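Please read the structure below before turning to the comments.
The values are calculated or read from the model by the stated rules, or taken from the named source; none is laboratory data. Predicted, not measured: the structure shown is a model, and the values here were computed from it. Note: ideal-geometry Cβ built from the backbone for every residue, glycine included; neighbour counts use all protein chains shown.
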Amino acid sequence: MSFKSLNKQVMDTVNFINNGWTMLPMDLFSDFRNYTLEKIMFNDNTFLTFNGSLMSEFSEIHQLSIERNELVFLNASGLHSVIKLILSTNNMFEIPNFCADEAGQSLVPKLSRLDMTDNAIRKLRPSSFKCLHNLKKLTLDKNRLMILENRIFSSLTNLESLSISWIPHLSVIKPGAFNCSSLQVLIFVHNGFRFDKEKNNKGKHLFNPSELFVNTQSLMELDLTNNYMAKDPGIFRQMLYPISNVTKLILQSTHIASLPEGLFQEMPFLETLNLKGNKITTWNQSVFENLKSLRKLYLDGNHIRVINESSFPIQLLHSLKELDISHNEFWCTCAQKWFVDYCRSSNISKILTHWPNLYSCGYPEDKKHLQLVDYKPTDADCSAWSPILTIIIVIVVSLFLMTVVLILMLNCQANIRNLIYLFRVSSWKRKGYIRLNSSESFEYDAFVIYCDSDRKWVHSELLKRLEEIDLKVCVHYRDFDVGESITDNITNYVGKSWKVIVVMSNNFTKSEWCQWELDLVQERRRRYGKNALVLIMQSQIDSSHMTNSIRSLLDTTPHLQYQQGLGEDLFWSVITKAVMKPFKDPPTAIL
């Protein structure tokens, strides 16, 4: 193929598009020695490899485009004159080697823009861009990256614009991934990256918010559209705090529900703020204060219901050139009166994008789809308080309080009963009825009757609690006399004990031995009164295990329900006072 007959002086673009080529003809550009071309395009062919050495004759090529091929390998020798290289929609699994030697000599010293969109690149290394000394714009959209490693862009000392977008499997960003002090524009959109999670379900770190942009101080434009921004205001602020020179910040459709206070004030040069398509309903009045450089603010497509005098500072409304709060379902109630009145009395409608067509009521039902411009509440409409509304509020609040009290009574019966018991004992003590030293004539403060199945709870909980306050407690085996029969030991030591503590449970009711002990202490109750016994319901007894003697005892003697958690301290306080309580106290209700 020869171009000798062509007037190459007027030729600035050469297209070899859709030729079905698999390789370049060897003498294709032999007639272009020292020529400059604006564009050479080899799009829509079937190249697997591309031999750049065949293009060495040119003095300069502004743009070389090899799009929509099947390119796997590029020989960059001969591309020394290329300024813009487009390799999008191919099958390249790594960045081509642009180094002429180990010393870092570049094969493409003039290259300022590289586009590798829609390839099969799975991993980037710090050496991937080693010899691209003059690269200013890099596009890596639609590749197969899963991790952005540390310092992969640090060798690109002149890089100004970076786009890494449409990469749904990207899940990890190492702390120094964006270590590029020259970077001015970062497009990181439609990746679905979870900035709302520092770790995944396996505990692996996904990113470090405080180090994400710490080395991008020159950043002027950041676009994070269609990712998941941090829900925690502290993490949100940590992420964006370092980019203090940013002039354009796009956080569109990033699932933001609340705006952190004090963040945007750290961006004194911020001119454009895009918060479109989020879940924002309201914000603190300080969020937009002192934003002296802000000229464009987009809040359309959120969940904003009311705009009032504290939503935006008046100084901001005067300095903005564009304010878009359309596509929000506004409440057409008296709370909206300030905004609709302000729109009529000021020039704000001139900066409101899409006003009035896309500003309509979403509530109440009878005003749905009414345009805000047509909603005209009067002072009379909004000054009187409706008596019907007052009645409704009183009824709703009363029902709510009654429900809360009922739920508390049902769920905290044992705590309430124990609290009443403790209150009564304290009241009697203040009146002088209770004498806590009346157990001095007994060797033990208490004798414990329990089933062997409940031994663990008795020894680890009951004895521990009572003996910690110097009460002397008698239990089976530990304190019995060696050589004496069990029945004699029980009879003897019950008589030496000031009180008898009975620990009841389903296991207790099944034990014939426990039933015998219970019959024995019934006699003690008849002699000294119901205060001689301290009944503890360690676990609720099923109705199928309830005996007549136990039912009779429970009906006539106070018993305490063991309570874990919130009421546990109260339970042990009541037990202590019950053990120390004299026999002849004023009558009490059965708990």
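Listed values, structure above:
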quantity: Qualifying residues in segment 552-566 (those that are in contact (Cβ under 8 Å) with a residue 60 or more places away in the chain and under 15 Å from K499 (Cβ atoms)) - the one nearest to the chain's Cα centre (by Cα); calculated: L560
quantity: Residues of segment 43-80 satisfying the condition of being in a helix (DSSP H, G or I) and either over 20 Å from T139 (Cβ atoms) or touching a residue at least 60 places away in the same chain (Cβ under 8 Å) (or both); calculated: S53, L54, M55
quantity: Residues that are among the hydrophobic types (A, V, I, L, M, F, W, C), within 20 Å of E289 (Cα to Cα) and surrounded by fewer than 18 Cβ atoms within 10 Å (Cβ to Cβ), drawn from segment 321-347; calculated: W338
quantity: L316 buried (at least 17 other Cβ atoms within 10 Å of the Cβ) and more than 21 Å from S360 (Cα to Cα); calculated: yes
quantity: Among the residues listed as L518, L533, the single one being closer than 17 Å to C474 by Cβ and out of contact with any strand residue (DSSP E or B) (no Cβ under 6 Å at 6 or more places or on another chain); calculated: L518
quantity: Verdict on L471 being under 16 Å from A578 (Cβ atoms), out of contact with any Phe, Trp or Tyr (no Cβ under 8 Å at 6 or more places or on another chain) and modelled with pLDDT of 85 or more; calculated: yes
quantity: Unmet criterion (only one of (1) surrounded by fewer than 19 Cβ atoms within 10 Å (Cβ to Cβ); (2) out of contact with any Gly (no Cβ under 8 Å at 6 or more places or on another chain); (3) part of a loop (DSSP other than H, G, I, E, B)) for I83; calculated: (3)
quantity: Segment 264-273 - residue that is assigned to a loop (DSSP other than H, G, I, E, B) and touching a helix residue (DSSP H, G or I) at 6+ places or on another chain (Cβ under 9 Å) and, of those, farthest from K231 (Cα to Cα); calculated: L270
quantity: Selected residue (criterion: surrounded by the fewest Cβ atoms within 10 Å (Cβ to Cβ)) from residues of segment 272-290 that are touching a strand residue (DSSP E or B) at 6+ places or on another chain (Cβ under 8 Å) and within 19 Å of G262 (Cα to Cα); calculated: T272
quantity: Any hit, segment 131-139, residues being modelled with pLDDT of 95 or more, within 23 Å of I250 (Cα to Cα) and hydrophobic (A, V, I, L, M, F, W, C); calculated: yes
quantity: Filter result for the condition that a residue is among the hydroxyl-bearing types (S, T, Y), closer than 22 Å to T272 by Cβ and free of Cβ contacts under 8 Å to residues at least 40 places away in the same chain, over T216, T157; calculated: T216
quantity: Complete set of residues in segment 455-485 that are surrounded by 13 or more Cβ atoms within 10 Å (Cβ to Cβ) and among the aliphatic types (A, V, I, L, M); calculated: V458, L462, L463, L466, L471, V473, V475
quantity: Pairs where the first residue, in segment 20-42, is on the phi > 0 side of the Ramachandran plot and in a loop (DSSP other than H, G, I, E, B) and the second is at pLDDT below 85 and surrounded by fewer than 17 Cβ atoms within 10 Å (Cβ to Cβ), C-beta under 6 Å, 6+ apart; calculated: N34/S59
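Residue-wise test of (1) among the β-branched types (V, I, T); (2) modelled with pLDDT of 95 or more; (3) surrounded by fewer than 17 Cβ atoms within 10 Å (Cβ to Cβ); (4) not assigned by TED's automatic domain parsing to the domain that holds L74.
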site: E102; (1), (2), (3), (4): no, no, yes, no
site: L111; (1), (2), (3), (4): no, yes, no, no
site: I121; (1), (2), (3), (4): yes, yes, no, no
site: R125; (1), (2), (3), (4): no, no, yes, no
site: N158; (1), (2), (3), (4): no, yes, yes, yes
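Let's see how each residue does on (1) at pLDDT 85 or above; (2) more than 14 Å from I501 (Cα to Cα); (3) of a type in the set (D, E, K, R):
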{"site": "L422", "(1), (2), (3)": "no, yes, no"}
{"site": "K429", "(1), (2), (3)": "no, yes, yes"}
{"site": "Y433", "(1), (2), (3)": "no, yes, no"}
{"site": "S438", "(1), (2), (3)": "no, yes, no"}
{"site": "F447", "(1), (2), (3)": "yes, no, no"}
{"site": "K456", "(1), (2), (3)": "yes, yes, yes"}
{"site": "L462", "(1), (2), (3)": "yes, no, no"}
